[in-house]
Amino acid sequence: GKIKSSEQDADGDGEIEVWIIYENGLPARQRFDDSGNGQADREFFYDSEHQLVRSLHDNTNDGRMDTARTYADGSVHHEEADLDGNGRVDRKTYFEKGQPVSVDQDTDGDGRFDLSVFYENGKAVRREKDVNGDGNPDEIVVFDAQGRPAAVKEDTNFDGIPDVLTFYENGRIIRTEKDRNHDGTADWVVSYRDGRKQRLETDDDHDGRFEISIGYNNDEMVRTVDQDGDGRPEIRQVYRDGNLREADYDSDSDGQPERRDFFDVTGNLTKSCFAENNPGIFDTTWFYDPSGQPVRAEKDTDKSGRTDIWYEYENGRLVRLRQDTNADGKPDVWEFYGPGEVLIREKKDLNFDGIPDMEKIHNAGKE
């Protein structure tokens, strides 16, 4: 007669590890105990021509078949797996000619397949994630030939339109674009070099033009604001170690700042320069104490590039003024002020020898 079944002790330990059932003299079913626990870890099913059509696998050796495969023309065609052991399929893999073409997976165990990966020539080329469970992908990752991310598309408000795009080159991020108001146009763009942030541009009023630009260089950050779009920023701010240290202001957009502020490491204003006579040339400088009160000022009134008036303040009030009227770099006029910044005394050096020749006392602002 024809053989109907057989048992084998494959490793000679006295235990049966292989069971085979035959039909018409050919194996129709094979079972293998690879773990030696007395239960089959693999089971294979064959058609009448001894072609493999189905298999079951216990990949965790817990006595439960957690993976099922179907075959076509001798190669795996479809696979279903229960990865978390709850008795429900949470991963499906589809094959062509033995290579995977797509994988669907339930990553959170809710019974819904929320992750899909697509393959070409055995390599992942695209991954789709459904975050909110509406059946539409909310995160799409495209891979390069080496399996590294080349582009990531995210739909953060679940309207079906990606609003965050991130691009990579040779596995390193090079650019991120965001559409923060979901009008279909990017209004927040970051560029990278060697994986490090280089520049951030934002369109905060959503008019299609990036009016704010931030450049990054090690511990320094430069922020510019060009509200009118003429290419000449009205505001330029320099940050070091996260603190504002310098700021330029060009209110008339002529490309020449009329004011420049300086700040200490704690963010206190220490000095302000003003271009009052010539565009772009600072001729007046104010110095401040930590509370923001002025302590002194310097002014170039004759456009010589040298200070010719010096102001001194106490508790934010002008108390003394010195002036160089003959451009020799030395004061020849001294003025002293009382409460209310009223002139109370003045001195003059009439022969410019550095020694006052005349003194005038004022009473409540009168001689």
Hits in region 308-323 - residues which are polar (S, T, N, Q) and modelled with pLDDT of 95 or more: GLN323
Given (1) surrounded by fewer than 14 Cβ atoms within 10 Å (Cβ to Cβ); (2) over 25 Å from the mean Cα position of the chain (by Cα), index of the condition ASP241 fails: (2)
Condition met for PRO279 (of a type outside the set (Gly, Ala, Ser) and farther than 23 Å from PRO339 by Cα): yes
Of all residues making up region 80-137, the number that are out of contact with any strand residue (DSSP E or B) (no Cβ under 8 Å at 6 or more places or on another chain), closer than 19 Å to ASN59 by Cβ and of a type in the set (Asp, Glu): 1
Given (1) surrounded by 14 or more Cβ atoms within 10 Å (Cβ to Cβ); (2) within 22 Å of PHE282 (Cα to Cα), number of the condition LYS197 does not satisfy: (2)
Matching residues in region 60-76 - criterion: being more than 21 Å from TYR119 (Cα to Cα) and loosely packed, with under 15 Cβ neighbours inside 10 Å: THR60, ASN61, ASP62, GLY63, ARG64
Residue within region 142-149 that is loosely packed, with under 15 Cβ neighbours inside 10 Å, of a type in the set (Asp, Glu) and modelled with pLDDT of 95 or more present: no
Which listed residue, of ASN181, ASN121, is touching a residue at least 24 places away in the same chain (Cβ under 8 Å) and of a type outside the set (Gly, Ala, Ser): ASN181
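Sort out for me the strands (runs of 3 or more DSSP E) sitting completely within region 102-215 that have 3 or more residues that are within 29 Å of ASP226 (Cβ to Cβ).
164-169, 172-178, 188-193, 196-202
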Failed item, numbered, when TYR337 is tested on (1) surrounded by 16 or more Cβ atoms within 10 Å (Cβ to Cβ); (2) at pLDDT below 95: (2)
Breaking point among (1) over 30 Å from THR266 (Cα atoms); (2) in a loop (DSSP other than H, G, I, E, B); (3) hydroxyl-bearing (Ser, Thr, Tyr), for THR307: (1)
Members of region 77-100 that are assigned to a strand (DSSP E or B) and either surrounded by fewer than 16 Cβ atoms within 10 Å (Cβ to Cβ) or touching a Leu at 6+ places or on another chain (Cβ under 9 Å) (or both): HIS78, GLU80, ARG91, TYR94, GLU96, GLN99
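Quickly run through region 283-292 and pick out the residues that are assigned to a loop (DSSP other than H, G, I, E, B) and either modelled with pLDDT of 95 or more or buried (at least 18 other Cβ atoms within 10 Å of the Cβ) (or both). I'd like the intermediate steps shown before the answer.
Narrowing region 283-292 to residues assigned to a loop (DSSP other than H, G, I, E, B): 283, 289-292.
Matches in region 283-292: ASP283, ASP289.
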Enumeration of residues in region 2-56 that are assigned to a strand (DSSP E or B) and either at positive phi or within 54 Å of the chain's Cα centre (by Cα) (or both): ARG31, PHE32, ARG42, GLU43, PHE44, PHE45, LEU52, VAL53, ARG54, SER55, LEU56
Scan of region 293-325 for residues that are small (Gly, Ala, Ser), surrounded by fewer than 19 Cβ atoms within 10 Å (Cβ to Cβ) and touching a strand residue (DSSP E or B) at 6+ places or on another chain (Cβ under 9 Å), ordered by number: GLY305, GLY316
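The values are calculated or read from the model by the stated rules, or taken from the named source; none is laboratory data. Given the structure is predicted, the values throughout are model-derived calculations rather than measurements. Note that we place each Cβ from the backbone using ideal geometry, even for glycine, and neighbour counts take in every protein chain shown.
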